[in-house]
1. Considering only A:I549, A:I119, A:M240, whose Cα is most displaced toward the positive end of the charge dipole of the protein assembly as shown, charges sitting on Cβ of Lys, Arg (+1) and Asp, Glu (-1)?
2. For every helix of n ≥ 4 consecutive DSSP H residues, a contribution of -39,500 (n - 2.57) applies; sum these over chain A, divide by its total residues, and give [θ] at 222 nm rounded to the nearest 500 deg cm²/dmol.
3. So, in Å, what gap is there between the alpha-carbon centers of segment B:171-224 and segment A:382-426?
4. Would you mind ranking A:R216, A:R340, B:R93 so that the residue whose beta carbon has the fewest other beta carbons within 10 Å leads the list?
5. In segment A:168-195, whose amide N lies under 19 Å from the spot 7 Å out along Cα-to-Cβ of B:K212? List them in ranges.
6. Taking B:K18 as the anchor, which lysines have their alpha carbon closer than 18 Å to its alpha carbon, excluding any fewer than eight residues away along the same chain?
7. Under a point spin-label approximation (7 Å from Cα along Cα-to-Cβ), what is the A:H561-A:E339 distance to one decimal in nm?
8. Give, as ranges by residue number, the residues of segment A:621-638 whose backbone N falls under 19 Å from the point 7 Å along Cα→Cβ of A:Q552.
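What follows is calculated from the coordinates using simple rules that are stated; it is not laboratory data. Computed from a predicted model, the values in this text were never measured in an experiment. Because the Cβ atoms are built from the backbone with ideal geometry, glycine has one as well, and the counts that use them run over all protein chains shown.
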Amino acid sequence: MPINSNIPEGQLEDKWTKYKSTIPLVNPANKRSLEILVVGSGLAGAAAATSLAELGYKVKCFCFQDSPRRAHSIAAQGGINAAKNYQNDGDSVYRLFYDTIKGGDYRAREANVYRLAEISPNIIDQCVAQGVPFAREYGGMLSNRSFGGTQVQRTFYAAGQTGQQLLLGAYSALERQVGMGSVEMLSRHEMLEVVVIEGKARGIIARNLITGELERHFGHAVLLCSGGYGNVFYLSTNAMGSNATAIWKAHKKGAYFGNPCFTQIHPTCIPVSGDHQSKLTLMSESLRNDGRIWVPAKAGDTRNPIDIPEIERDYYLERRYPAFGNLVPRDVASRAAKERCDAGFGVGNSKMAVYLDFKFNMMRYGKVEATKQGLTNAQDSEILALGKEVVKEKYGNLFDMYQQITGENPYESPMRIYPAVHYTMGGLWVDYNLMTNVPGMYALGEANFSDHGANRLGASALMQGLADGYFVIPYTIGAYLSKEIATKAISTDHEAFVDAENAVKERLTKLLSINGNKTVDHFHKRLGKVMWDKCGMARNAEGLKEAIIEIQAIRADFWSHVRVPGASDELNPELEKAGRVADFIELGELMCMDALARNESCGGHFREESQTEEGEAKRDDENYSYVAAWEYNNMNWQMQKEDLKFDNIKIAQRSYK
Amino acid sequence: MSGNMNLTLKIWRQKNTKTKGTLVDYKVKDISPDMSFLEMFDVLNEDLITKGDDPIAFDHDCREGICGMCSMHINGRPHGPKDAITTCQLHMRSFSDGDTIVVEPWRANAFPIIKDLTVDRGAFDRIIGAGGFISVNTGNAQDGNTLPIAKHDADAAFAAAACIGCGACVAACKNASAMLFVSAKVNQLAHLPQGQPERMKRVKAMVAQMDKEGFGACTNTGACSAECPKEISLVNIAAMNRDYLKANLISLED
Ligand SMILES: Cc1cc2nc3c(=O)[nH]c(=O)nc-3n(C[C@H](O)[C@H](O)[C@H](O)COP(=O)(O)OP(=O)(O)OC[C@H]3O[C@@H](n4cnc5c(N)ncnc54)[C@H](O)[C@@H]3O)c2cc1C
Ligand code: SF4
Ligand code: FES
């Protein structure tokens, strides 16, 4: 099937405005009989379910946690971008658009990204109206901070808990609809299959995680807002339950998977401490704003960091990228850390870590405070103490988190950090309407591939999730549903529902019956290691080919030796995990295939064969300026290409030097 | 490894809501002080599965103290022996070799046990649904800076909004009262100009739902705030009581 991104005609700046006002409308009476299933209650799902219910559609929303408020959006720390230009520092819709396209290394669609930038200010307004307590200045105005990959301050935040506050805003709005009976919320429900009838998405099969019962749900449209799939790598900053199952089932039912190998490895996470490690914790990018990254200038220097004098430190980001310094985009910062550690300059027990040091900025803030308080002869120690207070107010929760995990006090000595898997730019392929190639099936938020190209800029995922849910889908879904008003609700006795439920049942029975000698985690860890070693921060053709073979072997072993205890008619977390890991194994294979097919470096995708003399990523625009949309066919895949055209931006080799 | 620990665990096992539960003893060996408490549970569960036993069901997701899903009552304290952290943030360096650790679920009538350490906290969602919001539909907002909010108000709203909805306050309270949770949301919105139009209606609706869910009365013992992983202050309860009184007076006048 050829793919069509359905980008509206016209000038970049006018596309959305014009298109929005020409999308057919659905009248209120018809909306009441149109049912929409929303899988996921994170920023994308909660915003979509709420906004669609407010418009009058009948909405059901699903999440696997015990409450919609626990979706992993809750963990986002640093902030959310918006082109408000409150700081008067030259920001604009165009600049946010430009930064995002460039940050994504020219692998995203111009029209989508422009729309995102255009909508961004409305998001902040909406959240403020809901009572989201963003940080404010003394004058009562909203405060901003800087994030990587930009030279303006456009990031709105609520201490180090921005995602929590945004999600709680969306969750409150969602619960309001639930309270009014306009949304039916099904928590502790996991979607395990999509139902497609005559080529259109018409429902899902969900498992009630408490009783184990399989339920059939009909919908005129199905929205997948199920988050990212970073847990393919076993260790990531994602939550334990974050999974690919919803989008993977959709993929196997015909939806194309866009750019599966585009993974973001975040430079500042707490390093692995041992084999028991179950997840990794992010230290927000906003810290790079106020911290300086360094390693000892001498390899193997084991001195206490505070005893290493300035001249014996290598602030390698500032050295290599003087224009952006510590604020280079994530992919660049991660590779630079790996380069130093691989070369033997790493610190800590594992030697797989670098320092993130706040002393310099604590002194700077301390001096400002001392001046404010009129302390003219303050000692360095007093200044430092004042500075610590400022840093505490900005990042207190992150510093506490660091101390809890490592047992070290980051106010006294620098943090040890190392890159970790954080975000997946890839996801279900969608058109401008956020619809997959399967009519009636949509993907929003991190679950789609749309706006971040090969590398996402910090504070842009929250923006995208909320843009998709609050301001895009309520309009674009009309393009489809306006043609569905004559479709009566399809009975869930329809054979497509019966078949889908039987397929799920069979699979659960199979998982429980293997009764082998290895646990689900055993397979997940093995998969994670292959993915991290061969499809992680650096990739090459040979390694990827090996990885594909190794992953196929893991899959075979899984289906003959996994042990899943318990039964299917009860709360059974191991059974849930088994299904997710089985899907990760399949997806891992596709990710390696995609990485192998893209013989260029771009953004987070670094092919060792394609680098400049200085070791920077080298794009190949002539051959790879496309979105890879993979079509599934019984564990074989075929690639469709969506060519990317840049009419408004001059594409150039990305430079942050 | 040196410094690693052997521990005895007494863990509440209960098949489902209808059956009775009991404490069961388990031993774990060679636990590293760098492990989190939940990673220690992972080790135990891997061992149980390999032996053909039923692993212990417990709630968790983010494992970084923000989603509010983890919920273990450890040695008599919700979220364990350390202040201001969640169960998932508790690390084994807080224990010593040879310790016996008792782990139970949250106990409250309004939080029925689903299985082992997993409870149903749906009552919290229903309380929020009754009034824990500002009634503003998508698309109705004015510019975020047209309404200046004094920094101390924004900060106070944020401090209350930091609640993660874990339910430790209920578990800590001898009456299983949900006052701290409810007052945190009421006060977050009461501190903001956007929250004023519905202020009185909100507090009444939320308190009514709280009572309907079967939470106990507040007798001001303060155990909730002492055990709250986000240090939500008792001031919130006092402020909510004032608003509640006022709201009822106003409705008498109506
Ligand atoms: C630690 C961390 C910090 C971050 N910090 C920032 C930041 O500062 N700024 C920024 O812009 N971005 C940040 N991000 C990225 C951003 O938080 C996420 O990309 C974004 O929140 C994803 O939102 P979402 O709605 O797409 O998915 P999620 O919030 O992950 O929600 C997924 C939903 O889908 C449900 N679900 C999943 N599978 C199923 C299934 N099979 N059946 C039923 N339900 C299902 C889940 O229950 C959940 O409700 C951060 C990410 C992490 C991990
Ligand atoms: S008030 Fe504290 S203890 Fe109670 S739910 Fe909120 S965070 Fe948990
Ligand atoms: S698992 Fe999220 S707070 Fe503990």
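1. Comparing the listed Cα positions along the dipole, A:I119 ranks first.
2. Numbers: 19 runs with 246 residues, N = 657.
The helix-only estimate for chain A comes to -12000 deg cm²/dmol at 222 nm.
3. Segment B:171-224 and segment A:382-426 have Cα centres spaced 33 Å from each other.
4. Values: A:R216 19, A:R340 22, B:R93 13.
In order of increasing Cβ crowding within 10 Å: B:R93, A:R216, A:R340.
5. Under cut-off, by backbone N: A:172-187.
6. B:K115
7. A separation of 4.0 nm, rounded to one decimal place.
8. A:631-638
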